[in-house]
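J.: Please read through the structure below; I'll follow up with questions.
The values are calculated or read from the model by the stated rules, or taken from the named source; none is laboratory data. Worth saying up front: this structure is predicted, and the values here are computed from it rather than measured. Cβ atoms come from the backbone with ideal geometry, glycine included; neighbour counts cover every protein chain shown. The protein model used for the area step is the full one, side chains on, heavy atoms only, and it has no ligands, DNA or RNA in it. Shrake-Rupley method; radii C 1.70, N 1.55, O 1.52, S 1.80 Å.
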Amino acid sequence: MAIELILNGEPTQLDAPGSARLLDVLREHGHTVGVKEGCGEGECGACTVLIDDVPACSCLMFAGQANGHRVDTIESLSQGEPHPLMDAIVDAAGVQCGFCTPGIVLSAKSLLDNNPKPTREEVQVALSGNLCRCTGYHRIIDAVQSVAKNSQAKTRRP
Amino acid sequence: MTAKGKKKQATGKATKKVQKKVQKKTANTKKVTEKVTKPGKKIAVKTTEPKVVTKAATRPDFAVVGKSPRRLDGPGKTTGAATYVDDLRVADCLVGYILTSPCANARVKSIDVSKARAFPGVHAVVTAENFPGDNQVGVVKLDQPLVVSDRIRWYGDRIALIAAIDRPTALRAAALVELDVETLPSVHDPLEALADDAPRVHTEGNLAAKMVVRKGDFAEALKQADVVIERLYSTGHQEHAYLETNGILAELQPDGGMLLRGSMQCPFYVQKIVARVLQVPHSKVRAVQTTTGGGFGGKEDYPSEPAACAAILAKVTGRPVKVIYKRDEDIARSSKRHATKIKHILAAKKDGTLLGAKAEVYVDAGAYLGLSAIVAERANASAGGTYVVPHVEVDTYTVYTNNPFGGAFRGFGAPQVSFALESQMDLLAKELGRDPLELRLQNALHKGSLSPTNERLRDEPQATQTMEIARDRCGWDKRRKAVAVHNATDRYNKKGIGAASISYGCCLHAGGQHLEGSASLVQVHPDASVSVAIGGAEIGQGAYQVMALLAAESLGLPVENIRVLDTDTSLVPDSGPTVASRTTVMSGNAVLDATAQITQRMLAVAAKHLETDLKHISLRAGQVLIDGKKSKLSVAELIALCFTQKVNLTASGWYAPPRKQWDRETGTGQGYSVYCYATMVAEVTVDTVTGLVTVDKVTAVHDIGQAIFRAGVEGQIHGGVVQGLGYAIMENLVVQDGKILNPGFTDYLIPTSMDIPEIDIALIEEPYDRGPYGGKGIGEPSLIPVAPAIANAVANALDLRLYDLPLTPERVKMAWDARELAEN
């Protein structure tokens with residue numbers, strides 16, 4: 001079927017079986033390979049995308065379910081000026097093998113969009129659907145908090 | 001050794017002397033980088049910046065080494081631009097699928113693939129019958145068929161290799177393979193497998209390898225002993241759970257050779273096995289590591305197998321073939337941390353002095369040897385730990401079973417044995433009414449002592465220091481009292497604190513020293529950018545960043561000028577695997593060997609240009625210095641000058657450590673090049689109603705030589721602690737009659753962001769004279785003490801010891817309830 005969606009801000013038509021996994025369609029037809037498959041059962045969060053700004057595991061979605069929706073992958077945050085979370089995670093040494101990182105950036109972005117000043121606990125909860133086997137999470141959490149802090153500092157300034 | 005190198009070493013010595021002197025004067029003014037703790041609510045945990053405890057009051061003044069510049073591979077990984085193997089797009093690529101066995105032990109009567117082969121979209125089905133190459137593989141021993149012919153030995157055995165236009169087609173074809181087998185009785189426990197009447201996994205018997213340690217006379221220790229502690233321990237399999245599954249892309253080359261790109265920890269193993277299977281020379285097989293989504297040992301030997309399968313299919317079809325595992329396939333087929341059974345006996349005097357340690361270690365190899373005997377070697381060497389033990393007797397049995405096969409996994413045999421020994425130390429302390437950390441301090445290796453494997457240690461052991469710092473830093477005495485007070489009043493939630501201490505032999509064991517050499521290739525370009533190739537692999541740990549820092553420091557250039565190339569067998573010769581926490585030392589020294597050659601040539605040009613003597617010139621942070629002061633020449637200008645003068649600024653480097661004297665018969669002598677010491681203290685809360693263990697805090701003290709990439713050291717410790725926590729209390733691979741029942745993240749649980757403890761790190765930086773700028777390894781020492789420290793904390797909380805890892809809620813609850821029942 002022809003799936004019409006707004007992919008990373010661009011109106012896009014993808015020709016794929018509606019029953020295909022959104023993950024596969026994005027990787028094979030959408031050329032957005034920043035979406036990773038880690039487990040295929042919604043446990044690891046490496047395939048996280050934002051559907052109308054809400055994080056979702058694209059391995060658990062049919063491509064047809066994306067029809068008529070906005071879908072944002074990590075590539076959307078890399079266009080032009082990179083999202084501050086990306087710099088912050090590198091600066092905080094929250095990246096090791098990197099396979100989980102795109103999903104984590106998207107989950108964290110969604111958190112900050114909805115809760116610009118999260119507590120450490122709230123960050124932990126927001127990232128609890130994203131497995132990372134390398135870093136032990138602390139520096140990723142630090143990075144999210146540093147972005148929250150910096151953006152507040154920015155908005156506070158006249 | 002180059003002139004530059006000699007000079008450096010001499011300066012190093014001089015500095016050390018000065019440092020020692022100053023150290024005496026200023027013993028209490030250690031350099032301390034304190035600590036930013038962030039307040040958090042209840043479950044929120046904090047971390048602190050690592051404290052640096054250097055014995056030397058004056059630290060070497062490095063331009064970049066020891067600092068934390070942002071990782072050069074960071075931006076690509078955060079933006080999604082980094083290319084992992086499944087992100088590679090190649091025209092006409094076929095999907096390779098591997099059909100594995102439906103049973104644990106069987107005789108194959110027939111394999112009929114005619115229907116599968118005829119299925120539309122299928123390009124090839126390869127079985128043992130039509131295997132176009134050498135079908136026998138194995139990293140240490142060629143005991144394994146790539147595709148089985150007459151005998152199945154475990155669920156991961158390969159029945160057929162299928163190449164098809166896509167995965168659904170391959171899966172449908174696989175369903176059409178008709179396999180007729182006669183199932184055989186199987187064996188799934190290493191102790192049972194050693195019985196005379198046990199089913200034989202291989203015709204020559206189930207004992208795959210045996211190794212020993214014989215130091216002193218353990219019978220004598222028993223004679224003198226006032227206390228003897230004897231217990232049986234068991235540890236389960238652990239799954240690596242790297243986030244990226246195994247994957248490989250094989251492309252046939254015009255000359256009949258093969259290009260392999262994929263997720264791997266040792267491209268040289270892939271090269272060797274594929275060359276063997278295809279029966280072509282090594283020179284025609286090129287293995288290139290793509291960005292790799294974690295390894296932890298799991299991608300040391302195993303990737304060679306899917307690589308060989310993909311290569312065979314590419315050869316048969318003449319088209320590129322990509323094999324990408326789904327998670328359940330990856331867990332079901334790849335190696336695991338070995339399940340073990342360990343009988344450990346500790347003999348001591350009543351004043352706490354250790355007299356002897358005796359261990360019988362049974363290592364479940366699975367159906368093929370793989371790396372098991374090598375892993376067992378480290379287990380064998382670890383049974384006496386970091387203590388002075390006069391009499392040591394260890395027997396380590398590596399045993400074939402019909403279980404999933406064991407392989408390399410961060411710690412490499414040491415975590416299992418350390419769990420047993422460190423539990424024993426706490427039991428001994430309890431028996432003697434002693435403080436467990438104080439008992440460890442009493443017995444810790446010290447300068448000039450003989451190790452449990454009878455090695456006169458060359459470098460001063462930092463065992464005592466790690467213990468003392470851990471004790472002071474976590475407030476050991478105060479916390480011990482506090483948990484006792486808490487437990488007297490809280491009926492349901494019990495708190496506990498426990499310690500564990502280890503020494504870890506960095507780099508390969510003497511038994512493998514014929515493999516212990518590593519190479520590099522460094523090319524300085526006319527624009528002062530630099531390409532560095534090493535034989536070690538970047539699996540997330542930050543190896544490339546370490547190499548960039550070393551090269552930058554040595555060449556006097558900014559880190560941003562350095563690019564570390566994907567590890568590639570066509571760039572450097574066989575450098576061994578990325579294991580044994582050896583990459584910083586081995587590849588690092590190889591890089592410095594190359595950069596020393598290049599800087600020597602650059603310095604000669606600079607001296608002539610600046611009309612001064614060579615000895616006055618040095619390079620630092622982009623500047624050519626004369627007697628430590630900026631000259632008119634920048635390093636970039638010097639490099640350009642070298643090119644105009646046709647000076648070669650490319651060099652290959654090599655490092656091999658001095659030969660170790662080691663006796664295989666007794667398992668004694670110089671086991672390793674150098675040792676890393678670590679002590680951890682874990683604090684836990686145990687819910688006695690559910691049996692759930694929560695790890696509240698881990699204090700980790702590591703002796704690391706010199707931090708090269710400081711944030712990377714910390715990252716390794718954080719990751720090691722959390723992975724070790726998983727091993728200790730969560731990660732329960734259920735293997736029933738050889739079949740893994742939970743091959744997925746839904747029911748094989750690894751720690752999430754909700755499970756992490758507060759982690760407090762302290763580093764001891766006493767430079768290792770043979771390490772790159774003093775560096776040693778950190779990857780594995782960061783995991784090994786975690787599980788025993790947690791187990792000891794749980795025992796402290798419940799006043800009840802568990803002998804089997806992992807300490808799942810079920811196990812804890814059952815043990816607790818059993819005791820309650822017995823007491824009431």
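J.: Within the range A:74-89, how many residues are within 7 Å of chain B (Cβ to nearest Cβ) and buried (at least 23 other Cβ atoms within 10 Å of the Cβ)?
T.: Count: 3.
J.: What number of residues in the range B:751-798 are more than 27 Å from B:Asp426 (Cα to Cα) and part of a loop (DSSP other than H, G, I, E, B)?
T.: 13
J.: Going by what's in this entry, would B:Lys660 be described as part of a strand (DSSP E or B) and among the basic types (Lys, Arg)?
T.: Answer is no for this residue.
J.: A further question on this structure: Can you report the number of residues in the range B:655-670 which are acidic (Asp, Glu) and touching a Gly at 6+ places or on another chain (Cβ under 9 Å)?
T.: 1
J.: Among the residues of the range B:304-359, count how many are buried (at least 23 other Cβ atoms within 10 Å of the Cβ), of a type outside the set (A, V, I, L, M, F, W, C) and over 30 Å from the mean Cα position of the chain (by Cα).
T.: Going through the range B:304-359 one residue at a time, the tally reaches 0.
J.: Report yes if some residue within the range B:672-680 is more than 21 Å from B:Leu450 (Cα to Cα) and at pLDDT 95 or above; otherwise report no.
T.: Yes, there is a match, as at least one residue in the range B:672-680 is more than 21 Å from B:Leu450 (Cα to Cα) and at pLDDT 95 or above.
J.: Still on this structure, I have one more. Looking at B:Glu239, B:Glu251, which is the one that is within 13 Å of chain A (Cβ to nearest Cβ) and modelled with pLDDT of 95 or more?
T.: Values: B:Glu251 fails: within 13 Å of chain A (Cβ to nearest Cβ).
Exactly one residue qualifies, and that residue is B:Glu239.
J.: Since B:Asp197 meets every condition but one in (1) assigned to a loop (DSSP other than H, G, I, E, B); (2) within 35 Å of the chain's Cα centre (by Cα), which condition does it not meet?
T.: (2)
J.: Sticking with this one: Test each condition in (1) surrounded by fewer than 22 Cβ atoms within 10 Å (Cβ to Cβ); (2) out of contact with any Ser or Thr (no Cβ under 6 Å at 6 or more places or on another chain) for B:Met754 and report the one that comes out false.
T.: (2)
J.: Sticking with this one: From A:Glu43, A:Glu28, grab the single residue that is open to solvent by 10 Å² or more (accessible area, probe 1.4 Å) and out of contact with any Leu (no Cβ under 9 Å at 6 or more places or on another chain).
T.: Numbers: A:Glu43 fails: out of contact with any Leu (no Cβ under 9 Å at 6 or more places or on another chain).
Step by step, each of A:Glu43, A:Glu28 is checked, and only A:Glu28 is open to solvent by 10 Å² or more (accessible area, probe 1.4 Å) and out of contact with any Leu (no Cβ under 9 Å at 6 or more places or on another chain).
J.: Of all residues in the range B:59-87, which are facing chain A (nearest Cβ under 8 Å), assigned to a loop (DSSP other than H, G, I, E, B) and not polar (S, T, N, Q)?
T.: Within the range B:59-87, B:Arg70, B:Arg71, B:Asp73, B:Gly80, B:Ala81, B:Ala82, B:Tyr84 qualify.
J.: Right, here's the next one. For the range B:137-174, enumerate the residues that are more than 21 Å from B:Ala332 (Cα to Cα), open to solvent by 10 Å² or more (accessible area, probe 1.4 Å) and not in a loop (DSSP other than H, G, I, E, B).
T.: The answer is B:Thr169, and nothing else.
J.: Looking at B:Glu637, B:Glu665 in this structure, which one is surrounded by fewer than 19 Cβ atoms within 10 Å (Cβ to Cβ), more than 18 Å from the chain's Cα centre (by Cα) and closer than 28 Å to B:Lys215 by Cα?
T.: Just a single option satisfies the conditions, and that option is B:Glu665.
J.: Does the range B:715-731 contain any residue that is in contact (Cβ under 8 Å) with a residue 40 or more places away in the chain, in a strand (DSSP E or B) and touching a helix residue (DSSP H, G or I) at 6+ places or on another chain (Cβ under 6 Å)?
T.: Within the range B:715-731, none of the residues are in contact (Cβ under 8 Å) with a residue 40 or more places away in the chain, in a strand (DSSP E or B) and touching a helix residue (DSSP H, G or I) at 6+ places or on another chain (Cβ under 6 Å).
J.: Moving on to the next point. Hey, does the range A:135-144 have a residue that's at the interface with chain B (Cβ under 10 Å from one of its Cβ atoms) and open to solvent by 10 Å² or more (accessible area, probe 1.4 Å)?
T.: yes
J.: Do we find that B:Lys697 is open to solvent by 20 Å² or more (accessible area, probe 1.4 Å) and within 19 Å of B:Ile497 (Cβ to Cβ) in this structure?
T.: yes
J.: Something else: For the range A:105-123, name all the residues that are within 9 Å of another protein chain (Cβ to nearest Cβ) and either of a type in the set (A, V, I, L, M) or more than 22 Å from B:Glu758 (Cα to Cα) (or both).
T.: A:Val105, A:Val123
J.: Determine the pairs where a residue that is assigned to a strand (DSSP E or B), located within the range B:220-234, has a partner that is open to solvent by 80 Å² or more (accessible area, probe 1.4 Å) and of a type in the set (S, T, N, Q) with Cβ atoms under 9 Å apart, the partner being 6 or more residues away or on another chain.
T.: none
J.: (1) buried (at least 21 other Cβ atoms within 10 Å of the Cβ); (2) more than 13 Å from the chain's Cα centre (by Cα); (3) at pLDDT 95 or above; (4) more than 9 Å from every other protein chain (Cβ to nearest Cβ): which one isn't true of A:Leu60, the others all being true?
T.: (1)
J.: Does A:Ala126 meet the test of being touching a Leu at 6+ places or on another chain (Cβ under 7 Å), at the interface with chain B (Cβ under 10 Å from one of its Cβ atoms) and farther than 30 Å from A:Ala2 by Cβ?
T.: On the way: touching a Leu at 6+ places or on another chain (Cβ under 7 Å): yes; at the interface with chain B (Cβ under 10 Å from one of its Cβ atoms): yes; farther than 30 Å from A:Ala2 by Cβ: yes.
It is true that A:Ala126 is touching a Leu at 6+ places or on another chain (Cβ under 7 Å), at the interface with chain B (Cβ under 10 Å from one of its Cβ atoms) and farther than 30 Å from A:Ala2 by Cβ.
J.: For the condition part of a helix (DSSP H, G or I) and open to solvent by less than 10 Å² (accessible area, probe 1.4 Å), what is the one hit in B:Val605, B:Val591, B:Val624?
T.: Only one candidate qualifies: B:Val591.
J.: Another question about this same structure. For the range B:236-262, name all the residues that are open to solvent by less than 10 Å² (accessible area, probe 1.4 Å) and not in a loop (DSSP other than H, G, I, E, B).
T.: B:Gln238, B:Gly247, B:Ile248, B:Leu249, B:Ala250, B:Met258, B:Leu260, B:Gly262
J.: Which is modelled with pLDDT of 95 or more, within 14 Å of chain A (Cβ to nearest Cβ) and closer than 24 Å to B:Gly406 by Cβ, of B:Asp747, B:Asp755, B:Asp737?
T.: Every option except B:Asp747 fails the conditions.
J.: Evaluate the following for B:Ala373: is it open to solvent by 10 Å² or more (accessible area, probe 1.4 Å) and either under 18 Å from the mean Cα position of the chain (by Cα) or over 18 Å from B:Thr666 (Cα atoms) (or both)?
T.: Judged against the criteria, B:Ala373 is a match.
J.: Is it the case that some residue within the range B:102-113 is modelled with pLDDT of 95 or more, open to solvent by less than 40 Å² (accessible area, probe 1.4 Å), aliphatic (A, V, I, L, M) and assigned to a strand (DSSP E or B)?
T.: Scanning the range B:102-113, I find at least one residue that is modelled with pLDDT of 95 or more, open to solvent by less than 40 Å² (accessible area, probe 1.4 Å), aliphatic (A, V, I, L, M) and assigned to a strand (DSSP E or B), so the answer is yes.
J.: B:Gln265 - would you say it is crowded, with 24+ Cβ neighbours inside 10 Å and closer than 30 Å to B:Pro788 by Cβ?
T.: So B:Gln265 fits the description; yes.
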